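Asks: The structure is given below, and queries will be raised subsequently.
The values are calculated or read from the model by the stated rules, or taken from the named source; none is laboratory data. It should be emphasised that the depicted structure is a prediction, and the values quoted were computed from it without experimental measurement. Note that each Cβ is placed from the backbone with ideal geometry, even for glycine, and that neighbours are counted across all protein chains shown. With ligands, DNA and RNA removed, areas are computed over all heavy atoms of the protein, side chains included. Shrake-Rupley method; radii C 1.70, N 1.55, O 1.52, S 1.80 Å.
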Amino acid sequence: MKEQKSNPMARIWEIAKPEHGKLLLSVVLAILGVVSGIVPFASAAKVISGIIAGNKEWSYYLIYVAAAFAGFVFKSLFYAMGLSVSHKATFSLLGEIRKQIFAKLPRMPLGTIIDTSSGKLKQIIVDEVERMERPVAHMIPELTSNIIGAIAVWIYMMVVDWRMGLICLISIPVGLAFFCFIAATYSADYKKSVEITQDMNASIVEYIHGIEVIKAYSQSKSSYQKFKDKVLANASFFCYWMKKTEVYQAICYTVAPCTLLTVLPIGWWMYISGSISADVFMTSIMLSMCIVGPILTAVQFTDSSAKVSTTVATVDKLLAGEEQEHSETPVTFATHNIEFCDVNYSYHEDEEVLHHVNLKIPEKSFTALVGPSGSGKSTIAKLVGGFWDVKDGSVKMDGKDLKSIPLEQLYNQVAYVSQDNWLFDDTVMNNIRMGNTSASDEKVREVAKASGCDDFITALPEGYETKVGSGGTRLSGGERQRIAIARAMLKDAPVVILDEATAYIDPENEAVIQRALTKLMKDKTVIIIAHRLSTVTNANQIVLINKGTVECSGTHDELLAKSELYNAMWKAHISEGGAA
């Protein structure tokens with residue numbers, strides 16, 4: 001989706017390009033429906049005129065009664081057919097937009113996704129896209145057909161008698177003038193309503209996800225108050241908005257339809273004075289009533305039109321977001337040596353977290369990244385994994401800049417295991433199979449045994465077919481971690497990144513996980529972010545990261561000899577019993 005155009009309807013039409021044929025057909029059908037709906041009114045005028053003229057021929061009345069019935073039937077048929085076609089086109093379009101969003105998210109930098117709350121993403125993907133249904137499925141065919149229908153009726157009235165055509169218009173602009181007071185600020189108010197709803201949704205998601213911490217620390221009252229305030233703020237805004245617009249809306253809907261307020265008295269005066277015939281008078285009355293319905297329907301779509309600007313802009317902003325720019329041409333790897341060349345990196349423009357990082361990680365070596373919290377260790381590891389792209393400097397694998405490697409191929413080179421791995425609300429079997437979706441059940445079980453998972457999995461109520469719950473909530477932390485390691489083993493990637501994978505595991509689980517990790521790391525290029533220094537003393541190289549830069553590197557003994565910071569970290573570690 002391209003940058004939003006100033007005309008929201010033009011943008012909607014651009015978005016709906018794949019379905020233009022169906023939408024044009026729906027407009028034609030809707031116009032035929034509106035025109036058919038005029039026939040009963042015109043027929044009624046002829047019938048009344050005939051009665052006034054004293055016509056007693058049954059055939060005269062039967063023709064117009066039949067025409068009125070046919071007009072009603074065709075109106076219903078054309079309306080139903082038009083909406084059916086437009087809805088098929090619309091739901092196909094909405095599905096395609098959602099597919100584009102889901103295809104877009106993996107191509108966006110992880111930092112962008114992290115900075116966007118899950119509540120806001122849900123709001124965009126579900127609610128904002130859904131709001132496009134009414135503008136596309138209804139507004140394009142119905143607004144167009146009703147405007148054309150109202151104009152057609154008015155032209156017909158002008159042909160019948162131009163004076164009556166002008167008289168019937170007097171109430172319409174007066175009523176619509178009041179709607180202008182609503183329309184003047186509607187777009188801004190709607191934008192605010194979207195923002196405040198997104199804020200509320202984010203608060204709801206945060207409250208639900210944090211309920212365990214809230215209960216554990218007796219923060220129910222304060223946390224609920226925050227959640228309550230967001231909900232009340234949302235309700236208060238909508239109450240304010242409705243109060244602000246309801247008077248003008250009521251006046252508009254009361255005055256605009258009252259064409260008879262002018263047509264009846266002025267038309268009667270013209271009739272008794274001989275300026276118009278009874279036939280013209282009755283036809284004008286009926287046709288003036290035909291104008292009201294289409295105009296009011298069109299006015300109702302002003303609401304949708306005002307929303308389109310904000311809705312489309314929200315979806316456009318996501319689809320036009322920054323992507324990771326990688327080559328589409330696959331490459332071949334002779335080695336999996338990794339190199340950082342003078343890398344500077346910022347999550348945000350004004351906050352640089354890595355400064356002139358130069359680092360070499362040989363193939364099939366064991367490299368540990370250590371340093372104070374917030375020093376940039378995880379950022380370095382995630383840059384290797386392709387979670388972000390660097391703009392200043394370069395990260396290379398086998399001498400190739402990561403940007404020259406297609407993203408999917410790069411992801412296939414790296415297995416990433418963190419301290420907080422996400423499990424999907426699916427079976428244990430399928431969660432492990434995420435590492436290689438083509439793996440057989442036997443291969444999954446083989447990997448599970450190698451990673452120390454098989455014993456606890458087979459003890460679950462349904463074994464490998466047990467659902468783990470959203471995020472793996474039905475399993476313990478150690479069990480979730482072992483499944484994550486099994487998933488990484490099944491992937492069998494040549495580069496393995498362990499981001500403090502055993503940081504918060506109990507000793508019993510840690511022993512099992514360490515054995516699993518040893519198997520996972522065999523013949524791989526391994527990068528470990530170390531929480532406990534005693535677990536990486538045998539690393540080929542330990543890289544000390546401090547304040548976003550590489551302070552020094554070497555073996556454990558070399559760093560003890562040359563780095564005061566590493567020395568202090570080691571002493572603090574062993575004083576806590578870490579070397580035991």
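Asks: Give me the aspartates and glutamates in straight-line cross-link reach of K120: C-alpha distance below 13 Å, same-chain residues under 8 apart excluded.
Replies: Within reach: E128, E195, D199, E206.
Asks: Based on the Cβ-Cβ distance of K364 and S187, what FRET efficiency does E = 1/(1 + (r/R0)^6) give at R0 = 41 Å, to the nearest 0.05?
Replies: For R0 = 41 Å, the calculated efficiency reads 0.10.
Asks: For segment 388-486, report the accessible area per residue in Å² (1.4 Å probe, heavy atoms, rounded to an integer).
Replies: Heavy-atom accessible area per residue stands at 46 Å².
Asks: Same structure, new question: Can you tell me how much longer the chain between I155 and L232 gets when fully stretched, taken as 0.36 nm per residue apart minus their C-alpha distance, in nm with one decimal?
Replies: This chain segment gains 22.7 nm when fully extended.
Asks: Using only the Cα atoms of segment 144-297, build the gyration tensor, take square roots of its eigenvalues as a ≥ b ≥ c, and label the shape rounded, prolate or oblate: rounded if a/c is under 1.5, else prolate if a/b is larger than b/c, else oblate.
Replies: prolate
Asks: Between C180 and F72, what length in nm is gained on full extension when 0.36 nm per residue of separation is reduced by their alpha carbon distance?
Replies: Result for the pair: 35.5 nm of gain on full extension.
Asks: A further question follows. Please sort 136-143, 564-571, 251-258 by packing, taking for each peptide the average over its residues of neighbouring beta carbons within 10 angstrom, highest first.
Replies: 136-143, 251-258, 564-571
Asks: Assuming R0 = 60 Å, can you tell me the calculated FRET efficiency for the pair V331 and M242, based on Cβ-Cβ distance, to the nearest 0.05?
Replies: Efficiency computed from Cβ-Cβ geometry: 0.55.
Asks: Over the chain, what is the relative contact order in whole percent, taking alpha-carbon pairs under 8 Å and six or more residues apart?
Replies: The value is 14 percent.
Asks: In segment 161-205, whose amide N lies under 17 Å from the spot 7 Å out along Cα-to-Cβ of S275? List them in ranges.
Replies: Flagged as within label range: 161-171.
Asks: In addition: Sequence neighbours fewer than 8 away in the same chain don't count; with that in mind, list the aspartates and glutamates whose C-alpha is under 13 Å from K88.
Replies: E19, E96, E133
Asks: Which lysines have a Cα less than 16 Å from the Cα of K491, not counting those fewer than 8 places away in the same chain?
Replies: Straight-distance partners of K491: K443, K449, K519, K522, K524.
Asks: Per residue and in Å³, how big is the convex hull formed by the alpha-carbon atoms of the chain?
Replies: With only Cα atoms used, the chain gives 210 Å³ per residue.
Asks: Further, regarding this structure: Which net charge results for the neighbourhood of V34, defined as the other residues with beta-carbon distances under 15 angstrom from its beta-carbon, given Lys and Arg at +1 and Asp and Glu at -1?
Replies: Summing Lys and Arg as +1 and Asp and Glu as -1 gives 0.
Asks: Taking 45 Å as R0, compute the FRET efficiency from the Cβ-Cβ separation of D441 and I113 and round it to 0.05.
Replies: It comes out at approximately 0.90.
Asks: Quick one: if you stick a label point 7 Å off each Cα along the C-beta vector at W268 and D523, how many nm between them?
Replies: So the label points at W268 and D523 sit 10.1 nm apart.
Asks: Placing +1 at every Lys and Arg Cβ and -1 at every Asp and Glu Cβ, with all other atoms neutral, what dipole size does the chain have around its Cα centre, in debye to the nearest 20?
Replies: So the magnitude is around 1420 debye.
Asks: Treat segment 5-76 as a sphere of radius equal to its Kirkwood radius over Cα pairs and apply Stokes-Einstein at 20 °C in a medium of 1.002 mPa s; give the translational diffusion coefficient in µm²/s, rounded to a whole number.
Replies: For the chosen part, D equals 145 µm²/s.
Asks: Using only the alpha-carbon atoms, how far is helix 441-450 inclined from the longest principal axis of the chain? Give it as 0 to 90 degrees, nearest 10.
Replies: Around 40 degrees separate the two axes.
Asks: At 0.36 nm per residue, minus the direct Cα-Cα distance, what do W58 and H355 gain on full extension? Give it in nm, one decimal, please.
Replies: Length gained, W58 through H355: 97.4 nm.
Asks: Can you give me the convex hull volume of the Cα atoms of segment 317-363, divided per residue and expressed in Å³?
Replies: Spelled out: Cα convex hull of segment 317-363, divided by residues, is 114 Å³.
Asks: Then there's this: If one takes the longest principal axis of the Cα atoms in the chain, at what angle in degrees, from 0 to 90 and to the nearest 10, does the Cα axis of helix 20-53 lie?
Replies: 20
Asks: For helix 220-255, report the angle its Cα long axis makes with the longest principal axis of the Cα atoms of the chain; keep it between 0 and 90° and round to the nearest 10°.
Replies: Between helix and principal axis, roughly 20 degrees.
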